[in-house]
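No lab work stands behind these numbers, since they all come straight from the coordinates. Just so it is clear, the structure is predicted and the values come from calculations on it, not from any experiment.
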Amino acid sequence: MKIKSIEVYKADIPLEEPFRISLGEIKAAKNIFIKINTDTDLFGMGEASPFPFIVSETQASDVAAAHDLARLLIGKDPREIENRLRELTGYLPHSPTIISAFDMALYDLLGKIANLPLYALLGGGKRTLVTDRTVGINTPDKMVQDALAFKERGFPAIKVKLGTTAVEDIDRVRRIRKALGPEIPLRIDANQGWDYVTALQALKGMEDQGVQYCEQPVAIWDFESMRRINSQVTIPIMADESVFDDHDAYKLILMRACDYLNIKLAKSGGIYVALKINAIAEAAGMRCMVGCMNETSLALTAAAHLVSARTNIQFADLDSADFLQENPVLGGITYNEGGKITISDAPGIGATIDPAFLKTLESFVVK
């Protein structure tokens with residue numbers, strides 16, 4: 001089997017409303033879809049959702065990169081995933097998001113070749129998954145309103161974006177907790193918005209609010225401050241932007257800088273490296289979460305298969321399709337009552353982009 005051609009699609013999908021985190025505001029998902037065609041009737045699909053504030057990739061840069069990456073794969077065997085990914089990362093070692101789309105398409109294709117759903121291809125089982133729902137930074141009143149709406153819809157946990165000042169963020173969390181009541185878990189994410197002193201002040205001021213964990217309190221590079229914070233607060237710390245790959249995971253665990261790792265396919269370069277991160281964490285007795293950027297349910301379904309296949313992945317933050325005005329995906333995950341996610345037993349990822357939607361997009365083919 002050989003790769004015959006690769007199609008690259010550029011997709012701009014507006015969000016229901018602007019979404020703000022400490023790093024900036026997002027108004028649309030500016031994604032890329034990859035379709036790998038073989039010399040048989042089988043193909044695989046993947047999705048990249050570049051988040052420039054974190055990965056230093058944009059839609060434009062990823063579209064340009066996709067052209068060169070696709071040329072590396074033409075005529076080669078798609079079943080040799082390790083070899084194919086070594087070629088891609090060897091050429092562009094710091095472009096994990098666009099590489100994740102190729103990775104995803106290769107795993108989708110391999111699942112179809114094996115006639116297995118992705119979770120089974122990865123050697124895992126099918127289990128019940130639930131996702132939280134995220135509240136973006138806004139006025140306290142609007143954040144409370146959003147949190148209550150998500151609770152009413154049945155999401156089992158609420159994630160709150162923070163990263164402004166300690167006083168403002170403590171106030172946000174206290175108001176949201178009071179409105180929601182004591183039962184529902186609260187998860188917080190500063191997205192690097194605090195420095196060491198502010199993080200300590202903020203987290204100490206929230207220790208009585210039932211916060212399940214805090215993601216990325218300080219800058220991506222500041223492993224030492226994260227370690228010091230982790231040793232001084234009772235709220236567990238989760239590394240997110242600080243963990244791109246298995247090497248980062250090893251260093252963070254060795255330093256005891258965090259309690260959990262947040263794996264995102266768009267940061268890790270896809271499923272292949274995500275499996276390595278989880279394996280290192282599991283060997284160290286550390287649980288993981290799988291999160292998302294601004295993907296449709298195509299990439300979210302791939303991520304859900306990963307969660308299902310690895311029991312060490314304790315948390316799922318796979319809510320980005322719920323932000324979009326349009327989710328042009330056939331098959332794939334659905335959000336059910338109680339934030340439950342279901343995945344199908346269709347071969348591969350079990351999701352694809354609607355061909356009618358693809359026809360409306362700017363695209364090119366590499367042969």
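For a quick check: with amide H placed at 1.01 Å from N, whose amide H comes under 5 Å from GLU295's, ignoring anything fewer than 5 positions away on the same chain?
Answer set, sorted by chain and number: none.
Name the shape class, rounded, prolate or oblate, that the alpha-carbon gyration tensor gives for segment 248-361, where a ≥ b ≥ c are the square roots of its eigenvalues, rounded holds for a/c under 1.5, and otherwise prolate holds if a/b is larger than b/c and oblate otherwise. Working shown, then result.
On the way: a/c = 2.23, a/b = 2.04, b/c = 1.09.
Taking the square roots of the gyration eigenvalues as a ≥ b ≥ c, segment 248-361 is prolate.
Between ALA29 and residues 5 or more places away or on another chain, which pairs have amide H atoms under 5 Å apart, with H built 1.01 Å from N, and which residues are they?
ILE13, LEU15
Scan around TYR213 for amide H atoms under 5 Å from its own, H built in the peptide plane at 1.01 Å from N, and keep only partners 5 or more places away or cross-chain.
Amide H neighbours of TYR213, under 5 Å, 5+ apart: ILE188.
In percent, what relative contact order does segment 120-351 have, based on Cα pairs under 8 Å that are 6 or more apart in sequence?
Working: 460 pairs, mean separation 45.0, N = 232.
The value is 19 percent.
Grab the DSSP H runs of the chain that are 4 residues or longer, score each as -39,500 (n - 2.57), total them, divide by all residues and round the 222 nm result to the nearest 500 deg cm²/dmol. It would help to have the intermediate numbers written out before the result.
On the way: 14 runs with 142 residues, N = 367.
Taken over the chain, the calculation gives -11500 deg cm²/dmol.
With an 8 Å Cα cut-off and a minimum separation of 6 or more residues, compute the relative contact order for segment 30-137 in percent.
Numbers: 127 pairs, mean separation 34.4, N = 108.
Relative contact order comes out at 32 percent.
Could you tell me the distance between the Cα centroids of segment 245-279 and segment 74-119, to the nearest Å?
Comparing the Cα centres of segment 245-279 and segment 74-119, I get a distance of 19 Å.
Can you work out ³J(HN,Hα) from phi for every residue in segment 55-71, in order, using Karplus 6.51 cos²θ - 1.76 cosθ + 1.60 and θ = phi - 60°, giving whole Hz and x for Gly and Pro?
Coupling constants for segment 55-71: 9, 6, 10, 10, 4, 4, 5, 6, 4, 5, 5, 4, 4, 6, 5, 4, 4 Hz.
What list of ³J(HN,Hα) couplings, whole Hz, do you get for segment 347-356 from phi and the Karplus terms 6.51, -1.76, 1.60, once you set θ to phi - 60° and write x for glycine and proline?
Ordered by residue, 3J(HN,Hα) equals x, x, 5, x, 8, 8, 7, 3, x, 5 Hz.
For segment 176-185, what does the Karplus curve 6.51 cos²θ - 1.76 cosθ + 1.60, with θ = phi - 60°, yield as ³J(HN,Hα) per residue in whole Hz, taken in order and with x for Gly and Pro?
Each residue of segment 176-185 in turn: 5, 4, 4, 6, 7, x, x, 7, 6, x Hz.
So I have [x] 118; [y] 151; [z] 160, and one of them is volume of the Cα convex hull per residue in Å³ calculated from this model. Which one is it?
Label [x] holds the value from this structure.
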